[in-house]
Amino acid sequence: MTVTVQPPVAKKAPHETTLHGEVRVDPYFWLRDRENPEVLEYLKAENGYIDQVLGHTRELQERLYTEMRGRIKETDESVPEKRGDYLYYQRTEEGKQYPIFLRGKGSLDAPEEVLLDQNALAEGEAYCRIGTFKVSPDHRLLAYSVDTSGAEAYTLFVKNLETGELLPDKVPNTYYGVEWANDNTTVFYNVLDEARRPFKLFRHTIGNADSSQDTLVYHEPDDAFFLWISKTRSKAFLLMTLQSNTTTEVRYVPADEPEADFATIHPRQHEMEYSVDHHGDRFLIVTNDDAKNFKLVEAPVAAPSKENWRDLIPHRPDVLIDDMDAFAGHLAIYERESGLQRIRITSPNGEDARYVEFPEQVYTYRAGPNEEFDKAVLRFTYTSLVTPNSVVDYHMDTATWELKKQDEIPSGYDPSLYKSERIMATAPDGVKVPMSLVYPKDMVRDGRNPTLLYGYGSYGYSMDPSFNSNRLSLLERGFIFAIAHIRGGSELGREWYEQGKLLRKKNTFTDFIACAEHLISERYTSPDRLAINGRSAGGLLMGAVTNARPDLFAAVIAGVPFVDVINTMTDPTLPLTVIEWEEWGDPLHDKTYYDYMRSYSPYDNVEPKDYPNMLFTAGLNDPRVSYWEPAKMTAKLRETKTDSNMLLLKTDTESGHGGPSGRYDYLKEIAFEYAFLLEVLGVRNGSFEAAR
């Protein structure tokens, strides 16, 4: 795709740093200064450039937006969730960006109570996101938090649900951790330090308008640890979790005694992780202690230290335990085997195990919500690449499956028109890498199918195959959609994750390249029809594989991409840097990691050669991946690359890492990205047949 309109040119202001004997010159370091008017002018110029080169796709974008909007049931309600005497649920209404939070007492026939209307909160705001939504144990008060910038620093409010009155309690700079004690008057919350790390836990008494008088419960001094507060499903204990990327420490206090001191389950032990739930007179603990793929142990509440742990489900080298939910009469253990999720249901002592049976060979589930401890029903959402999200109540006593709701596609959807499959690519070291695919059933493997290959591959996050109605706008135009289950995720167990981090990070990139090569060699697609997409750490993936093999791809979408790896990971003042040294390595203090990162950091490895068509996105208020990373990458590519292909930088000046908060605004962003793909892959006027 040749572009003739002249793009913006970022000025160069060389900035020198010396580390481990290397002098590095960064000509675009100045873009980090968001207070500099020239920075905003440059970002706006890049946005304006997009209007020039893709302005002719506005009609296509509108068509795509209309298609995607037509696939969502605009006025809809979630499946109610029983909590005590109330049924809690949400409603969306046609034309409104945000949900309305509701409840009814006793039954759905009861008078409806509006707890919170996010649309009203968002009036006059370009961005609005709810961080926490916690109703007090007696259902009388609501603690909720709001972010109106995208910076993920939330202001906490308390509302009297009986009177509708907003109480004077107001706490700024909180994060996602908020929990009620059982006295209905005490709230625990975490706050952020200057590097956006949740590092302090406070105790607040309802009615105290001056949050500066709140009691500091704990201060975590180690920059590598985040602090969270939660509650056991039994509601008996509050848990304070102190967590780095490799190490956990959990402290507990009876939820009936909020002013008591937190006791420790087991003090932090390097590279030992564990999570805790409660059942009767014992704690249930999922841990990797001498168990790479984790195991389930129990410990008496009276003496929960590690020497008293006893195995309930021992370690299995071929099965990863992801998590566990304890119910009064059952345990639900969430596992992975051979790359597929499973749910193991047992008695409270871990015996009488059986597995939930799923209707498809390749699928995904998401557990919850499961607020009530004394029930025998496990709720989860089931989905696959061809099956819309389906809320299921699984009756654990009878092993029966009750479908409560499946997402409707108002404009119509026939799953029989599509096929999903799992195939394997071979990495350079011989490792088999799975891919999940979905495509029109009449697809012909002639090497000419437009294809979008998605990848992530970091932090052990598994990219499980799920349905997305927006994706139909591509599938209906003949696309193949593929997910590369590359190392760095946990799809094939903990070892799969560990083979894609630290000094083995490059496996993530070579796995992805192998997946692309396999799609081409097996004639699913060809380099001039293959597009790739990844966000955040997946954006690092996009930058690394494009630097390595630009010939493989026709188009690249890198969303809020982590591409300036060396500069970010050597700056401990930035959010996430210190805690992520355990994921990527510490290049500031260790030359081995510096040299390794230097060899793959996308910004540091741009070369004078031809690159594919590329779209970078950024959020000006993003606290996770700073806007200047994609901005600097774009500027350097534009200066260095030798082709005339499209290179775009789209910055949302009113959002953060997750993009627009409103559901319609989000669809417009997806429509823009899809229009970019259709344009550069030659799928003209939204018609694949016309392109062929």
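Observations, loosely collected:
- Looking only at the stretch 546-566, and only at residues there that are assigned to a helix (DSSP H, G or I) and touching a strand residue (DSSP E or B) at 6+ places or on another chain (Cβ under 7 Å), the one that is surrounded by the most Cβ atoms within 10 Å (Cβ to Cβ): T546
- Between N349, N389, N370, the distinction of being more than 30 Å from I480 (Cβ to Cβ), surrounded by 15 or more Cβ atoms within 10 Å (Cβ to Cβ) and out of contact with any Gly (no Cβ under 7 Å at 6 or more places or on another chain) belongs to N370 only.
- Failed item in (1) in contact with a strand residue (DSSP E or B) (Cβ under 6 Å, 6 or more places away or on another chain); (2) free of Cβ contacts under 8 Å to residues at least 24 places away in the same chain, with D109 passing the rest: (1)
- Pairs with Cβ under 7 Å, 6+ apart, first in the stretch 354-370 and among the charged types (D, E, K, R), second surrounded by 18 or more Cβ atoms within 10 Å (Cβ to Cβ): R354/I345; E360/S384; E360/T387; R366/F380; R366/T381
- Residues of the stretch 458-472 classified as within 16 Å of N389 (Cβ to Cβ), assigned to a loop (DSSP other than H, G, I, E, B) and of a type in the set (A, V, I, L, M, F, W, C), total: 1
- Within the stretch 511-542, being farther than 16 Å from G500 by Cα and in contact with a Pro (Cβ under 6 Å, 6 or more places away or on another chain) holds for one residue alone: R529.
- Some residue of the stretch 392-401 being modelled with pLDDT under 95 and more than 26 Å from Y89 (Cα to Cα): no
- Residue match in the stretch 85-93 (condition: within 20 Å of P369 (Cβ to Cβ), surrounded by fewer than 14 Cβ atoms within 10 Å (Cβ to Cβ), in contact with an Asp or Glu (Cβ under 6 Å, 6 or more places away or on another chain) and of a type outside the set (S, T, N, Q)): no
- Residues being within 12 Å of G207 (Cα to Cα) and either loosely packed, with under 14 Cβ neighbours inside 10 Å or among the acidic types (D, E) (or both) - total across the stretch 161-181: 4
- Going through (1) of a type outside the set (K, R); (2) part of a strand (DSSP E or B); (3) surrounded by fewer than 15 Cβ atoms within 10 Å (Cβ to Cβ) one by one, E408 falls short only on (2).
- Hey, T381 buried (at least 16 other Cβ atoms within 10 Å of the Cβ), among the polar types (S, T, N, Q) and more than 30 Å from E522 (Cβ to Cβ) or not: yes
- Only residues that are surrounded by fewer than 24 Cβ atoms within 10 Å (Cβ to Cβ), touching a helix residue (DSSP H, G or I) at 6+ places or on another chain (Cβ under 6 Å) and not in a loop (DSSP other than H, G, I, E, B) were counted in the stretch 492-512, giving 1.
- Of the residues R366, R354, R344, the single one that is touching an Asp or Glu at 6+ places or on another chain (Cβ under 7 Å), basic (K, R) and closer than 14 Å to A332 by Cβ is R344.
- Beta carbons closer than 9 Å, at least 6 apart along the sequence or on distinct chains, pair a first residue in the stretch 426-447 that is over 16 Å from R523 (Cβ atoms) and without any contact (Cβ under 8 Å) to a residue 60 or more places away in the chain with a second that is small (G, A, S) and assigned to a strand (DSSP E or B) for K432/A425; V438/S420; V438/A482.
- Filter result for L216 (within 23 Å of the chain's Cα centre (by Cα) and more than 22 Å from V135 (Cβ to Cβ)): no
- Scanning the stretch 411-423 for residues that are touching a residue at least 60 places away in the same chain (Cβ under 8 Å) and either in a loop (DSSP other than H, G, I, E, B) or touching a helix residue (DSSP H, G or I) at 6+ places or on another chain (Cβ under 8 Å) (or both), we see that the one that is farthest from L340 (Cα to Cα) is S411.
- Whether a residue is surrounded by fewer than 23 Cβ atoms within 10 Å (Cβ to Cβ), touching a residue at least 24 places away in the same chain (Cβ under 8 Å) and in a helix (DSSP H, G or I) was assessed, and Y593 passes this test.
- Candidates G329, G339, filtered to the one that is in contact (Cβ under 8 Å) with a residue 12 or more places away in the chain, closer than 30 Å to V431 by Cα and surrounded by fewer than 21 Cβ atoms within 10 Å (Cβ to Cβ): G339
- Residue count, the stretch 636-678 (criterion: part of a loop (DSSP other than H, G, I, E, B) and not aliphatic (A, V, I, L, M)): 15
- Among the residues making up the stretch 156-188, those that are hydroxyl-bearing (S, T, Y), free of Cβ contacts under 8 Å to residues at least 60 places away in the same chain and part of a strand (DSSP E or B) are T174, Y175, Y176.
- Among the residues of the stretch 198-222, those that are part of a loop (DSSP other than H, G, I, E, B), charged (D, E, K, R) and either modelled with pLDDT under 95 or touching a His at 6+ places or on another chain (Cβ under 7 Å) (or both) comprise D210, D214.
The values are calculated or read from the model by the stated rules, or taken from the named source; none is laboratory data. These numbers were taken from a predicted model, which means no experiment stands behind them. Cβ atoms come from the backbone with ideal geometry, glycine included; neighbour counts cover every protein chain shown.
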